[in-house]
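What follows is a set of notes on a single structure, which appears directly below.
The values are calculated or read from the model by the stated rules, or taken from the named source; none is laboratory data. Just so it is clear, the structure is predicted and the values come from calculations on it, not from any experiment. Please note: Cβ atoms are built from the backbone with ideal geometry, for glycine as well, and neighbour counts cover all protein chains shown.
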Amino acid sequence: MKKIFLLVFLSALFVAQAYAQDEVSGNQTQKRDMPPPPEEPKEPKQGPSFKDRVSFGGSIGLQFGSYTFIDISPLMAYKFSPKLIGGVGITYRYVSYDYRTALGNQTFEDHQYGWRVFGRYFVIPQLFAHIEYESLNLTSQIRLEPDGSGGFSEERSRSWVNSAFVGAGYFQGAGKSAGVFVMVLYNLIDCTEFYCPYPDRWLIRVGVMAGF
C-alpha cells in the first residue's frame, strides 16, 4: 500500500512539473511572438518663431558746420534661414549748405525721404554680402524765375532718385541678439540729377541690429 501511494505521489509530482514547464515555455513563446509596444510619438521640432526671426536696427548720420547733414534710417529685418536675411527700411535726411550764384551767396536746404529693401547673405557668422535698392525723394533742380519786381524767385523741382548698392559687411555681436555692422557699398547707378544723395559711388555705412 505504501509503495502504491508513493508511486502515485511521484507520478502526480512529475505531471505537475511537466505542466509548469509547458506553461512557462508557452508564456515565453507568447512573449516572443508579441509585437513590441508602440513608441510614443515624438513631437516635431519647431523652428524659430516669427518673433525670433525679426530684428530691428538702423543707422544715424550727423555732421554739422558749413555742411550740415542729418540722416535717420531705421530698418526691420527677417531671418529666412541661418545665413539669409532680408528687410525693409525708411530714410529721412536733412541737408543744408551755402553756395554761390550770380545773385550772391545762397543757402541750400532740403528735406529728403524715401525707402529701401535689402538682402544679406552671411558667408560666415561675421562676414556677409549685401545688396540694396533705395529710392529717395529730393530736390533735383533749382531755377531762378523773374518775380515781376525786378528780382528773381527760386523755383524747385523734386524727383525720386534711385540707387542700387552691392557690397560686403562685417557684423560684430554685442550680446545674444544684438550687434554692430559696418559695410562698404558701391552704387551701380550713376546719379545724373542736379543734386545727388551721395557725393561718391562708394559708400561706408555703420549701424546696429537688435532682436527680441
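Considering every residue within the stretch 108-123, establish whether at least one is more than 22 Å from residue 191 (Cβ to Cβ), at pLDDT below 95 and not in a strand (DSSP E or B).
The answer is no, given that none of the residues of the stretch 108-123 is more than 22 Å from residue 191 (Cβ to Cβ), at pLDDT below 95 and not in a strand (DSSP E or B).
Got a sec? Which of 133, 99 is surrounded by 14 or more Cβ atoms within 10 Å (Cβ to Cβ), in a strand (DSSP E or B) and of a type in the set (Ser, Thr, Tyr)? Step by step, each of 133, 99 is checked, and only 133 is surrounded by 14 or more Cβ atoms within 10 Å (Cβ to Cβ), in a strand (DSSP E or B) and of a type in the set (Ser, Thr, Tyr).
Among the residues making up the stretch 180-192, a single one is surrounded by 14 or more Cβ atoms within 10 Å (Cβ to Cβ) and modelled with pLDDT under 90: 191. Of all residues in the stretch 58-88, those satisfying the criterion of being within 21 Å of residue 123 (Cα to Cα) and surrounded by 17 or more Cβ atoms within 10 Å (Cβ to Cβ) are 77, 79, 85, 87.
One residue is enough: does the stretch 168-175 have a residue meeting the conditions of a type outside the set (Gly, Ala, Ser), modelled with pLDDT of 95 or more and surrounded by fewer than 16 Cβ atoms within 10 Å (Cβ to Cβ)? Scanning the stretch 168-175, I find at least one residue that is of a type outside the set (Gly, Ala, Ser), modelled with pLDDT of 95 or more and surrounded by fewer than 16 Cβ atoms within 10 Å (Cβ to Cβ), so the answer is yes. Taken together, 16, 102 contain a single residue that is touching a strand residue (DSSP E or B) at 6+ places or on another chain (Cβ under 9 Å) and modelled with pLDDT under 70, which is 102.
Screening 91, 139, 107 for residues that are closer than 20 Å to residue 196 by Cα, surrounded by fewer than 14 Cβ atoms within 10 Å (Cβ to Cβ) and not aromatic (Phe, Trp, Tyr) leaves exactly one candidate, 107. When you check residue 116 against the structure, is it closer than 21 Å to residue 178 by Cβ, touching a residue at least 24 places away in the same chain (Cβ under 8 Å) and surrounded by 14 or more Cβ atoms within 10 Å (Cβ to Cβ), yes or no? Taking the combined requirement at face value, the residue does not satisfy it.
Would you pick out the residues in the stretch 153-167 that are surrounded by 15 or more Cβ atoms within 10 Å (Cβ to Cβ) and among the aliphatic types (A, V, I, L, M)? Answer for the stretch 153-167, where residues must be surrounded by 15 or more Cβ atoms within 10 Å (Cβ to Cβ) and among the aliphatic types (A, V, I, L, M): just 161. Whether any residue in the stretch 168-188 is in contact with a Phe, Trp or Tyr (Cβ under 8 Å, 6 or more places away or on another chain), without any contact (Cβ under 8 Å) to a residue 60 or more places away in the chain, within 30 Å of residue 101 (Cα to Cα) and assigned to a loop (DSSP other than H, G, I, E, B) is what I want to check. Looking through the stretch 168-188, none of the residues is in contact with a Phe, Trp or Tyr (Cβ under 8 Å, 6 or more places away or on another chain), without any contact (Cβ under 8 Å) to a residue 60 or more places away in the chain, within 30 Å of residue 101 (Cα to Cα) and assigned to a loop (DSSP other than H, G, I, E, B). A search for C-beta distances below 7 Å between a residue of the stretch 69-98 that is among the hydrophobic types (A, V, I, L, M, F, W, C) and at pLDDT 95 or above and any residue that is surrounded by 15 or more Cβ atoms within 10 Å (Cβ to Cβ) and not in a strand (DSSP E or B), counting only pairs 6+ apart in sequence or on different chains, returns nothing. Once the stretch 71-127 is narrowed to residues that are in contact with an Asp or Glu (Cβ under 9 Å, 6 or more places away or on another chain) and of a type in the set (Gly, Ala, Ser), the residue that is farthest from residue 205 (Cα to Cα) is 96.
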